[in-house]
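Reading through the C-alpha cells given below for one structure.
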Amino acid sequence: MKRVTFIVAAFAVSAFGDSGAQSAPVAPAPIIAASSVKHAKVPFTVGERMEYDVKFGILRVGNAHMEIVGLDNLRGRPVWHTAFWVRGGNFMYRVNDVYESWMDAETLSSLRFVQELEEGGKDTERRFEIYPERAIFVQTTKQPNKEEQSVSQPLDDGSFLYFIRTIPLEVGQTYDFNRYFRPDRNPVRIKVLRKERVNVPAGTFNAIVVQPVIKTKGIFSENGHAEVWLSDDDKHIMLQLKSKLSFGSLNLYLKSYVPSSNQ
C-alpha cells in the first residue's frame, strides 16, 4: 500500500514542491480563552477532537484524528490552531504525517500552515507564513525565501474543511471559493450531492454528502470522485470520506467524537 498519504488529501489538496532548509522552531504562543476574544460564529471551539479509522479497500491500515488544539495568538491576532494527524501503513510502507493550520478567529483567513511528513523513511517539513492583508505568502522552508502572490482571504489545506463547516449547504447547489492561498489552484468547488443516513464506527448519523473538486492531483481532483459525509446538523463534523483512485479506494470512518468542554 504505497500511497496511504492520499488520505491526507482531505486536508492536503495541492501538490507542493520540494522543501528547502528547515526554519527555526516557532515558539508556542500563549493560550487565550475563546470567550475573551471577538471571533466569527463557528460550530467548533478548543478541545473538539475527531478520531478515524483509515482503510485501504477493506483493510484497516491506520488511524487519523483532527482537533482544535487551541486559541493562540499569532502576529497579534487570535487564531484557531487546528491539527490533523495520520499514521499507518504496512510492513513495506509507513507514514506519520501532521498538518497544522492557524486561521484568524475573526476572518477565518489562514496565517500559517505547516506540514511535517514521515513517509517511507523520508522526512519532509514545509512551513508557510501567509499574510492576508498583503495577499502574499512565504514558504519559509524553501531557500531563498521569497514572497509569492496569494489572495486576500486565504485558506490552506487544513483550514478549508473547518471553513466549510461554517457555511450553509443546500442539496443541488455548487459553491465556488477563490480562497485557496495558492491562486492557481482556485476556484475550489464544493458540490452538495445529497442527504442520507450513514453508519460509521461512532454510530448512525444523518449526513449531507459533498464532493470537493480542486485544480490539482489527488483524490479531490476532477477525476478523483471523492465524497465527504458531514453531519446534517449545525456542527457539520466529518463523518466519513471515500475516494476512488486508480490503485484502489482510500477511506476514513469516524470512530469517536469528543466535543469541547463547553459544548
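Since every read-out is calculated from the coordinates, none of them should be taken as a lab result. In this text the structure is predicted, and so the values were computed from the model without any measurement. Neighbour counts are summed over all protein chains in view; Cβ atoms, including those assigned to glycine, are modelled from backbone coordinates with ideal geometry.
Of note:
- In Hz, Karplus ³J(HN,Hα) per residue of segment 170-176 (6.51, -1.76, 1.60; θ = phi - 60°; x = Gly, Pro): 10, 4, x, 8, 10, 10, 10
- Least to most buried among VAL213, VAL258 (fewest other Cβ within 10 Å first): VAL258, VAL213
- When each of the peptides 61-71, 140-150, 178-188, 107-117 is scored by how many other beta carbons lie within 10 Å of its residues on average, the order from highest to lowest is 107-117, 61-71, 178-188, 140-150.
- Label-reachable residues, segment 64-86, where backbone N falls under 13 Å from a point 7 Å from ALA40's Cα toward its Cβ: 79-80
- Taken one residue at a time, the phi angles of segment 140-155 give Karplus couplings (6.51, -1.76, 1.60, θ = phi - 60°) of 6, 9, 10, 10, x, 4, 8, 6, 10, 5, 10, 10, 7, 10, x, 10 Hz. Gly and Pro are set to x.
- Cα gyration tensor shape for segment 96-249, rounded if a/c is under 1.5, else prolate or oblate: prolate
- Note that segment 38-160, at 20 °C in a medium of 1.002 mPa s, gets a Stokes-Einstein diffusion coefficient of 136 µm²/s from its Kirkwood radius over C-alpha pairs.
- Between SER150 and ILE136, PHE137, the built amide H atoms are under 5 Å apart, and every one of these is 5 or more places off in sequence or on another chain.
- Per-residue ³J(HN,Hα) for segment 71-79, Karplus 6.51 cos²θ - 1.76 cosθ + 1.60, θ = phi - 60°, Hz, x for Gly and Pro: 9, 9, 10, 10, 6, x, 10, x, 9
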